[in-house]
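Notes for the one structure printed next.
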Amino acid sequence: MKIKLASIRRLAAHRPAGYYEDVLSHGKVTGEVLELTPTAYARLRQKYNPILPAENWPFWTFLIAGFATPEDRGIGDTVRREVGGPKTEKFKRWHEATFGLWAAPCGCGKLTEWNALYPYQPTAPDSQSVSTP
């Protein structure tokens, strides 16, 4: 798996101290990309975001889940909190940037359906919810 260092840097601003260095230590940096083995990625995912399920979600959902809070029940809640409702101009720009100008309408008027499709696993009371790289 390859992740742009710029993406990791952006997330590091919202993560615990040492996050960036820890993520880099699990892979190999080539230019502006971090290469991770599936095992290293799984370890980091478990360490920094234990609320994500084991299913194979689309890549864009992991990016959004990086901004999840313990109150969010799923991807829909995170999108609504971070970007706004589907009728807002900010949401429309986000959707276009994420899925492309000519993407089919997302049907995002029902972000609760995204919660059903991509729900977060509940965390244990003593676990800390922090997001994936």
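Structural remarks
- A Förster distance of 30 Å, applied to the separation of the beta-carbon atoms of K47 and A116, puts the FRET efficiency at 0.65.
- Cross-link partners for K4 among the lysines, with Cα-Cα distance under 26 Å and sequence neighbours closer than 8 places in the same chain left out: K28, K47, K90, K92.
None of the figures in this text is laboratory data; all of them are computed from the coordinates on show. Owing to the predicted nature of the structure, the values given are computational and were not obtained by experimental measurement. Every residue, glycine as well, gets a Cβ built from its backbone with ideal geometry; the counts of neighbours run over all protein chains shown.
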